[in-house]
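Bear in mind these aren't lab numbers, they're just calculated from the coordinates by the rules spelled out. Quick caveat: nothing in here was measured; it's all calculated off a predicted structure. Virtual Cβ from ideal backbone geometry, glycine too; neighbours counted across all protein chains shown.
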Amino acid sequence: MDAPSAAELEANPVVQAAFAAAWANSLIDDPQFRHEEGGYIYCDPATGDTGDVVVRRARPGGMLYLNLDSPPTVPGSYLVATYHTHAFPSALGHDPSPSSDDYEEADGSGVPWFVGTEAGVFVVGPDRRVGGLTGPPGYPI
Ligand SMILES: [Zn+2]
C-alpha cells in the first residue's frame, strides 16, 4: 500500500496542528531561547492514506539543529515523514529555507521532510515513503 504523499500529509489536520505547535514552541522571537522543534509523522496501513496519522515529537533541538535520527516505534504504524522548524530569523541574515543537509538527509531517509519556516512550509526528499507501508517501521532505507 502506498504511503500518503507529502501533499496529503500537509492537508491533514493532525499534521497541521503539529506544525503549528512546533512553530510556536520554537520561540523564534526569543534571542536567547529560539531553537528547532519537530518530530515524526506515522500512518497506520489498516487505515491507509485517508486514515489515522499520528505524530511524535522529538526532543527540542538547538538554534540551528535538531536530531531526527531515532524515530520511536508506534505499534502498527510506519514512519511516513519528519518535520522540523528553522527558528532563526531571516532578519538576522540567516536563510530560513531547507539546508543542504536537509536535502541530503531527506533523500537518504526515504521519507519526505517538512521544514517549517517564517517563509512557510517546505518539503524536501521523496514525495512519499519509499516502498510503501511495509518493511521496517522507522526509516525505510
Ligand atoms: Zn533543517
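Going by average Cβ density within 10 Å per residue, which order do the peptides 54-66, 127-139 take, highest to lowest?
Averaged packing, sorted descending, gives the order 127-139, 54-66.
Angle between the Cα long axis of helix 100-109 and the longest principal axis of the chain, 0 to 90 degrees, nearest 10?
Long axis of 100-109 versus the principal axis of the chain: about 10 degrees.
Express in nm, to one decimal, how much length is gained between ASP30 and THR47 on full extension, taking 0.36 nm for each residue of separation and deducting their alpha carbon distance. Present the calculation step by step, with values, prior to reporting the outcome.
Details: separation 17, 0.36 × 17 = 6.12 nm, distance 4.02 nm.
Using 0.36 nm per residue and subtracting the Cα-Cα distance, I get 2.1 nm.
Could you work out which residue, out of ALA106, ALA17, ALA81, moves most in a Gaussian network model of the chain, that is, has the largest mean-square fluctuation with Cα springs under 10 Å?
Maximum among the listed residues: ALA17.
What is the Cα radius of gyration of the stretch 6-124 over 2.2 N^0.38 Å, N being its residue count?
On the way: Rg = 13.9 Å, N = 119, 2.2 N^0.38 = 13.5 Å.
Against the compact-globule rule of thumb, the ratio is 1.03.
Can you give the angle from 0 to 90° between the axis of helix 13-25 and the longest principal axis of the chain, with both taken from C-alpha atoms, to the nearest 10?
For helix 13-25, the angle is close to 30 degrees.
Quick check: Cα centre of the stretch 88-112 to Cα centre of the stretch 19-77, how many Å?
15 Å
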